[in-house]
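Engineer: Below are the structure tokens for one structure; questions will follow.
The values are calculated or read from the model by the stated rules, or taken from the named source; none is laboratory data. The structure presented is a predicted model; accordingly, all values stated were derived computationally and were not measured. Every residue, glycine among them, receives a Cβ derived from its backbone with ideal geometry; neighbour counts consider all protein chains shown.
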Amino acid sequence: MGALAHEAHGHHGAHDHHEHHEEGFVSKYIFSMDHKMIGKQYLLTAVFMGVVAMLLSILFRIQLAWPGESSDFLSMFLGETWAPGGVLKENMYLGLVTIHGTIMVFFLLTGGLSGTFSNILIPLQIGARDMASGFLNMLSYWMFFLSSMIMLCSLFIETGPAMAGWTIYPPLSALPQAIEGSGLGMTMWLVSMAIFIASSLLGSLNYIVTILNLRTAGMKMTRLPLTVWAFFVTAVLGVLSFPVLLSAALLLLMDRSAGTSFYLSDIIVGGEMLDNHGGSPLLYQHLFWFLGHPEVYIVLLPALGLSSEIIATNSRKPIFGYRAMIGSILAIGFLSFIVWGHHMFITGMNPFLGSVFVFTTLLIAIPSAVKVFNYLTTLWRGSLVLTPAMLFAIGLVSTFITGGVTGIILADSALDIAIHDTYFVVAHFHIVMGMSAVFGMFAGVYHWFPKMYGRMLNTRLGYAHFWITIVGAYGVFFPMHFVGLAGAPRRYYDYSVYGEFDTNSYEMIMDLNVIVTVFAIIAAIGQGFFLFNFFYSIFRGPKAVQNPWKSNTLEWTTPVEHMHGNWPGAIPEVHRWPYDYSKPGYEEDFVPQDVPLKEGEEEETH
Amino acid sequence: MSFKLITLIVIVLGVVALAQLIRVYELSSKLRNRREEDITNRDNRLNANLLMGFTFFFYIGFIWLMLKYGWTGRGDAASVGGEETDWLLNLNFVIIIIVFFITNTLLFYFGYKYIRKPGVKAYYYPHNNKLELLWTVVPAVVLAVIIILGLKVWNSATSDASKEAIRVELFSKQFDWTARYAGEDNILGHFDYKLTTQENELALMTTESLDSAIRQMEFGKADGTVMGIQLLEEKLNNPKNIFIPEDLEKMENDLDRKTRLLRLLVQMRARHNKKWDAEAYDDIIQKDTLHLCVNKEYEMTFRAKDVIHSAYFPHFRAQMNTVPGLTTRLKMTPKYTTKQMRGKMKNPKFNYVLMCNKICGSAHYKMKMIVVVDSPSEYKAWLKSKQTFKDVFLAKPVEAAAATPLEGTVTPADTAKIIK
Ligand code: HEM
Ligand SMILES: [Cu+2]
Ligand SMILES: [Cu+2]
């Protein structure tokens, strides 16, 4: 292999005569095969989807805080059909929750997060001219775009979007008689997800192949930045688990339209006795969570990778325990395949099977803990530069801790009996997955914006954004633990039903719901700072320098202006690991990866 | 309309104001020759202080919530098993809250303490195997304790109920619960969803209910609420009727489906053992409220008619999904009567409740049943006042729509032949 192969690759594509070639608008901005442009396309789509999903959540939070009260805001967005008189309809509440969850988990945090950063960073950080297949990469993005549009369109149809929750458990999702969203809305959900999965597979395969084959000379696996390790394991998880979701969805499609009975048995719905027999709704849950749990790490690992890089750079210190970090990523990746049953402790699954899942689930806490302690030690005695990216990365570690520890309670099946499907679970996964991954994504955008757009984001706006976001988001999700411990089930349209049997809990839940909604509105408004900063800086931000954060990784050796093939000359060769920050014996506090070892210098073998 | 306008104006003004601010900021940066990526010591210090401030308010908020609401907003556990759960929950909470405070404090404190200082270089410290071993082993040991204790409680919560446990079935459908008590014999009668009729909502299996279901499947009901196979065929075969294609298809599908179901019913009837009748007939069906007797062990079984629901008893710390096509179970021993619990909660209007805790449709949030835990004597008196399934079901025989089969239609005898 080595440099020669990469050079060859750089020149083999017909489109790749970069030195003297003016591109048309369409091939440069729309059907681009350049990984940097595709990454930016992913980012823009994800930002858009994220804003939509956030708006949806504000709509249903208004209903939760002030149930039954008329709201101008609701009627403005939902009109008379879904919010007659400004009061949200019960079914639409469930529809909003479902689409909010789906967009956030799949479109923002799976497609958006790893789509954006895997695309932009993998070739740049491993020293490759582009992805292994630019064409498949382009196809992957456009399928992602198509699936996003289908999902959004489902919000506007007459019977409403899918309404069975983001986990779409059948029979509810299989029977249009059970809820109107399980008609056309659910069909669109399934079609959209099928396309999404195809897109994700194309993307992941490309990432894996690129990382394995196109590393520049000297870039051993043990010299890869942790970002790339995280993207790599994420892609492997995706390839192994998304097909299972696809089969789950296909079987569901068949139950819905071909009269099969994979998930259906002994059902009477809407006064109609179905003759489906022998299927099992639990089968669906097993298939779904076989994807679903790895999925949460597909969401989280890229964020952890990004933050590892950002924390090391801005602490001006090597990441502590590089090998242990890789080990934990691998361990988490492996274990995440054998813990899915912790979502099913009380589905009627065999209790002994439950015990096994308790054991494996709690094992995952060990590599997670190792990662946290390694982050802490990296900060210890560093020389911290608190850029907005760094603040978001620190925030990520905090939310990873705060959300992770409640996972330990949930993983204990005996305790899960009491709190499964309550707001405690909602708090857990929003903090550990929602907040951490979103923080990781923001950190990544602030850190690599100069690389993406050649300009700088405004730092002050970044600070305002960070502080509003962390206060707002903790303000939203922290009180939810208490709502859940009070026993409040999730996915309830109106908690004033508590007034009928427990007035104490009623008051508590209603009070906290108002607090939560207020914080949610604050946090949402805070995102305005980001959106403004983002779009303003793309066009008018100050021009960036080549290596603004004085970082070691290869992407900062490329010119600010984007070009096909990334490096104007030969691809730099790599001589050291990426974390030589503040290395004794060097004047500067960073030593980029392409700087050869000095005579007599020991390479860090970590 | 005006609301939309105002929103729009606010947004536009906000963006314009921000843009102006940024302009000013950029100009001043330019004048001072400051680049965006250079974080000044002042900014660094400010954010470090904010980190400490945030930590402080975060902890205050947490402690305030704990003091105000405690972790059991729903009061002490009201069942024997629930007390064990609470004990374990407390223990785990103590552990994770300690971890939460230590690690978050270290994180934010480091973020505050180790900010860049002139002349101080970061300490090059790439790894330390001993340390890493330490924080692999310590969590592993703590987790081992958590796992062992957890599985002990889990095993005792999910082991079989004793022989004497009172059997109760909870039947769930969109959007309510029905309870069925096993009656004198403490055996719940057989059931099959195909036996569901308006008179037999829980689809209990007795000779009479089988006959009635077969009759209704074939001939429908006299009051026209149920359309039987016979009527369907008649409609479809009548040359005078003209249907739009969708209706036609639907009716043909209905006919096929009902014919298949009928065949299964007839088979079931043939296999039926008359001895089972008694098991079902002494069952007691109860809507509205679930009455339980204090300090008695219950074995509850669960059924779902349409979609998945979940039987959630927050105060008893008990929960189990109800799944169409599958019978699930849990055991539970209520420890305090409703009256006692009202005293403990200092709330004279408090009631135990059974809620649905799995998204099941539009009125999911209303799907609940009040639970009353009686003293033994109250419970006995209450049970005495209830009618058995036999009393209710056999009281009013159902009339079929057509007593004599029309020409060309299938009779039960024919169906039986087909099956053979
Ligand atoms: C220490 C590590 C963790 C443990 C032990 C753990 C454990 C659990 C358990 C047992 C549940 C099921 C709770 C229930 O439904 O009653 C759960 C739910 C969930 N967890 Fe975690 N978790 C951990 C970390 C994470 C991470 C890192 C993420 C995401 C990045 C995550 C995302 C989720 C999600 C999305 C759900 C809920 C899904 C749903 O029901 O809609 N968890 N977790
Ligand atoms: Cu999981
Ligand atoms: Cu329900």
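Engineer: Considering only segment A:327-346, how many residues are within 14 Å of ligand 2 (Cβ to nearest atom) and within 10 Å of another protein chain (Cβ to nearest Cβ)?
Structural biologist: Total satisfying the criteria: 2.
Engineer: Only one of B:388, B:337, B:327 is at pLDDT 90 or above and surrounded by 21 or more Cβ atoms within 10 Å (Cβ to Cβ); which?
Structural biologist: B:337
Engineer: Take segment A:403-412 and flag every residue that is more than 13 Å from ligand 2 (Cβ to nearest atom) and touching a residue at least 40 places away in the same chain (Cβ under 8 Å).
Structural biologist: A:412 - this is the single residue of segment A:403-412 that is more than 13 Å from ligand 2 (Cβ to nearest atom) and touching a residue at least 40 places away in the same chain (Cβ under 8 Å).
Engineer: When both residues are 6+ apart or on different chains and their Cβ atoms are under 8 Å apart, which pairs have a first residue that lies in segment A:319-335 and is closer than 24 Å to residue A:583 by Cα, and a second that is basic (Lys, Arg)?
Structural biologist: Hits for this filter: A:325/A:371.
Engineer: Further, regarding this structure: Name the single residue that is farthest from the chain's Cα centre (by Cα) among those in segment B:119-165 being acidic (Asp, Glu) and within 23 Å of residue B:320 (Cα to Cα).
Structural biologist: Selected residue: B:164.
Engineer: If the requirement is being within 16 Å of ligand 1 (Cβ to nearest atom) and within 14 Å of chain A (Cβ to nearest Cβ), which of these qualifies: B:312, B:365, B:352?
Structural biologist: Result: B:312 is the single residue among B:312, B:365, B:352 that is within 16 Å of ligand 1 (Cβ to nearest atom) and within 14 Å of chain A (Cβ to nearest Cβ).
Engineer: Of the residues A:585, A:526, A:565, only one is outside any helix (DSSP H, G or I) and crowded, with 17+ Cβ neighbours inside 10 Å; which?
Structural biologist: After ruling out the rest, the residue left standing is A:565.
Engineer: Filter segment A:368-392 for residues that are more than 7 Å from chain B (Cβ to nearest Cβ) and within 15 Å of ligand 1 (Cβ to nearest atom); which is surrounded by the most Cβ atoms within 10 Å (Cβ to Cβ)?
Structural biologist: A:375
Engineer: Looking only at residues that are in a strand (DSSP E or B) and within 13 Å of chain A (Cβ to nearest Cβ) in segment B:177-200, which one is surrounded by the most Cβ atoms within 10 Å (Cβ to Cβ)?
Structural biologist: The qualifying residue surrounded by the most Cβ atoms within 10 Å (Cβ to Cβ) is B:200.
Engineer: Still on this structure, please answer the following. Go over the candidates B:192, B:185 one by one and state the one that is out of contact with any Lys or Arg (no Cβ under 8 Å at 6 or more places or on another chain), away from ligand 3 (no atom under 16 Å from the Cβ) and closer than 29 Å to residue B:381 by Cα.
Structural biologist: After applying the criteria, what remains is B:185.
Engineer: Could you grab me the full set of residues in segment B:257-290 that are of a type in the set (D, E, K, R), surrounded by 13 or more Cβ atoms within 10 Å (Cβ to Cβ) and assigned to a helix (DSSP H, G or I)?
Structural biologist: The answer is B:257, B:258, B:263, B:269, B:277, B:279.
Engineer: Quick one: count up the residues across segment B:118-130 that are at the interface with another protein chain (Cβ under 7 Å from one of its Cβ atoms) and of a type outside the set (Phe, Trp, Tyr).
Structural biologist: Looking only at that region, the number is 5.
This table checks each residue for (1) more than 7 Å from chain B (Cβ to nearest Cβ); (2) over 30 Å from residue A:419 (Cβ atoms).
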| position | (1), (2) |
| --- | --- |
| A:444 | yes, yes |
| A:463 | no, yes |
| A:474 | no, no |
| A:486 | no, no |
| A:491 | no, no |
| A:500 | yes, no |
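Engineer: Now, a different point. Under 7 Å between Cβ atoms, at least 6 apart or on separate chains: pull out the pairs that start in segment B:347-371 with a residue that is touching a residue at least 60 places away in the same chain (Cβ under 8 Å) and within 21 Å of residue B:333 (Cα to Cα) and end on any residue that is part of a loop (DSSP other than H, G, I, E, B) and within 11 Å of ligand 3 (Cβ to nearest atom).
Structural biologist: Sorted first by the residue in segment B:347-371, then by its partner, the pairs are B:356/B:367.
Engineer: Then there's this: Go through segment B:1-60 and give me each residue that's under 25 Å from residue A:391 (Cα atoms), modelled with pLDDT of 85 or more and of a type in the set (S, T, N, Q).
Structural biologist: Correct list: B:40, B:41, B:44, B:47, B:49, B:55.
Engineer: When segment A:156-196 is examined, which residues are found to be within 16 Å of ligand 1 (Cβ to nearest atom) and not in a loop (DSSP other than H, G, I, E, B)?
Structural biologist: The answer is A:189, A:193.
Engineer: Starting from residues that are part of a loop (DSSP other than H, G, I, E, B) and aromatic (Phe, Trp, Tyr), keep the ones in segment A:246-304 and report whichever is nearest to ligand 2 (Cβ to nearest atom).
Structural biologist: Among those residues, the one meeting the criterion is A:263.
Engineer: When residues of segment A:549-564 are filtered for being within 23 Å of residue A:220 (Cβ to Cβ) and in contact with a Lys or Arg (Cβ under 7 Å, 6 or more places away or on another chain), how many remain?
Structural biologist: Total meeting the criteria: 1.
A quick yes/no check of all residues on (1) of a type outside the set (A, V, I, L, M); (2) under 30 Å from residue B:17 (Cβ atoms):
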{"site": "A:464", "(1), (2)": "no, yes"}
{"site": "A:483", "(1), (2)": "no, no"}
{"site": "A:516", "(1), (2)": "no, yes"}
{"site": "A:524", "(1), (2)": "no, yes"}
{"site": "A:532", "(1), (2)": "yes, yes"}
{"site": "A:537", "(1), (2)": "yes, yes"}
{"site": "A:563", "(1), (2)": "no, no"}
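Quick grid of which residues meet (1) away from ligand 1 (no atom under 16 Å from the Cβ); (2) more than 17 Å from residue A:523 (Cα to Cα):
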{"residue": "A:438", "(1), (2)": "no, no"}
{"residue": "A:448", "(1), (2)": "yes, yes"}
{"residue": "A:471", "(1), (2)": "yes, no"}
{"residue": "A:490", "(1), (2)": "no, yes"}
